[in-house]
Structures are given as structure tokens and as C-alpha cells.
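*Asks:* Quick one: the structure is below, and I'll ask about it shortly.
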Amino acid sequence: MEALTIYLRKINIYHTSPCFAEAGKIRVKARLSDDISEIMPYLNRVVKNANYNEHAPNLTMFKEFRMITLEPENLILIKALNDTDARQVLDWLKDLINETAERKTEIEPLYASKKRPHPLQLYTWLPRINCKQCGEKSCLAFAALLSVGQQSLDRCLPLFTDDYQEQKTVMIDLVDALGHDISNYIDGGV
């Protein structure tokens, strides 16, 4: 078996600060050991929730609720839980970049930006009954948090009743476009 070709050798954290977006979490700036410009359009194809800007160039993506912005030789990670969490996410990212580089002959690069569903688009497909069973004050608040990965679709209990089957189908497609794991919602899940 051939060894994996290393495209990106290291990600070195050079600055950590409190996260502006969410109290209690951290923001990390890091330098990449190698220029990843060439791989960014491939990552844009492979990562469902990625969004590539060819002109900047940069690529923004989410790892659960954490947002990562990649530039050719730098990155910013926001909403990491702590230093250990940040390092685990960066190790995952390094592996993802190297695996994508290894498979790039099998992947068609995507240079265009993807359209992410807007919170209002998500809201229109929710039951909109403001039942608060999800733990939020309203369906609109739930949609806003769902759009940034801070809520899970299965927390909207009415959506998984017989009354909302059409909305559920559409919402599964929308959260899939956001990069959420939808395996629990298909094939007999929830």
C-alpha cells in the first residue's frame, strides 16, 4: 500500500484570543506550512458547507459549529471550545487537505461560490408554530441557529410528525446543503 503524499506538512498556531462571536470560546490564527491555493477549489467540491471565493482567494467552511476561513497560507478558526479542541480541528483539517490533494485526480474542482440557504429560507419550511420544544423562543430563532450549525434539525419535534412530511423533506435537503449530518433523518431515522 502506498503512503499518503503529504501536501500540507503543518499548521502552526501563532495567536489565540477570546472569540468575539461567542463568549467562552476562542479564536485561533494559524499559518500553513505550504500554500494550499491549488487545493482550495477541490475542497470546495468535497466539503458540502464550503464556500470558495476565487478572487480573494479564500474558502470558508464549518466543522460542526466552528467556522474556518482558509487562505493560501493562513487560517482563522472561530468558536473553538478551547486550545485542545482547536488543535483537534486543525489536525482534522490537515488530514482533510492532504486526503483531498491525494484524490484530486478523482475530483472535479469547483471554482464557483455555493449558495447557502439563508435563515429566512429555512424558516419558511419550518412549522412556524413557535412551540419552543426545540429550546428556542421562536422558529425564526431556531432557523438562525440552524443556519450556523448551533442547532440540530431533530430538535424541531413537530417537523417529524405526519403533518409536516413535505416540509421535513425540504428541510433535510436544506440542512444537507449547510453541511449538517443528515444520516439520522433518512433510512428510517428520526
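Read-outs throughout are calculated quantities, based only on the coordinates presented, and are distinct from any laboratory measurement. Worth saying up front: this structure is predicted, and the values here are computed from it rather than measured. For neighbour counting, all protein chains shown are included, and Cβ atoms are generated from backbone atoms with ideal geometry for every residue, glycine included.
*Asks:* Can you compute the charge dipole magnitude of the chain about its Cα centre, using +1 on each Lys and Arg Cβ and -1 on each Asp and Glu Cβ, nothing else charged? Give it in debye, rounded to the nearest 20.
*Replies:* 740
*Asks:* With the contact rule set at Cα under 8 Å and sequence spacing of 6 or more, what percent relative contact order holds for region 119-185?
*Replies:* It comes to 31 percent, rounded to a whole number.
*Asks:* Which order do Trp125, Trp92 fall in if you start with the one that has the fewest other Cβ atoms within 10 Å?
*Replies:* Trp92, Trp125
*Asks:* Using the count of nearby Cβ atoms within 10 Å as a rough guide to exposure, how do Phe160, Phe20, Phe142 rank from fewest to most? Provide the component values of the computation, followed by the final result.
*Replies:* On the way: Phe160 17, Phe20 10, Phe142 27.
Result, fewest neighbours first: Phe20, Phe160, Phe142.
*Asks:* What's the exposure ranking of Met171, Met67, going from fewest to most Cβ atoms within 10 Å? Please list the in-between numbers first.
*Replies:* On the way: Met171 24, Met67 20.
Lowest to highest Cβ neighbour count: Met67, Met171.
*Asks:* Restricting things to alpha carbons, tell me how big region 11-106 is in terms of Rg and Dmax, in Å.
*Replies:* My reading of the Cα-based Rg and Dmax gives 12.8, 42 Å.
*Asks:* Residue by residue through region 25-42, what is 3J(HN,Hα) from phi via Karplus (6.51 cos²θ - 1.76 cosθ + 1.60, θ = phi - 60°)? Round to whole Hz and write x for glycine and proline.
*Replies:* With coefficients 6.51, -1.76 and 1.60, one gets 10, 10, 10, 10, 10, 9, 9, 8, 5, 9, 6, 9, 3, 4, 8, 4, x, 6 Hz.
*Asks:* For a label point 7 Å from the Cα of Ile13 along Cα→C-beta, name the residues of region 90-126 whose backbone N is under 17 Å from it.
*Replies:* Answer for region 90-126: 90-95.
*Asks:* I would also like to ask the following. Tell me, in nm to one decimal, what length is gained between Lys137 and Gln165 on full extension, where the rule is 0.36 nm per residue of separation less the Cα-Cα distance?
*Replies:* 7.8 nm
*Asks:* How far, in nm, would the chain grow between Thr5 and Asp35 when pulled straight, counting 0.36 nm per residue and subtracting the alpha carbon separation? Present the calculation step by step, with values, prior to reporting the outcome.
*Replies:* Numbers: separation 30, 0.36 × 30 = 10.80 nm, distance 1.52 nm.
Contour length minus the Cα-Cα distance gives 9.3 nm.
*Asks:* Using Cα-Cα distances under 8 Å and only pairs 6 or more residues apart, what relative contact order does the chain have, in percent?
*Replies:* 19
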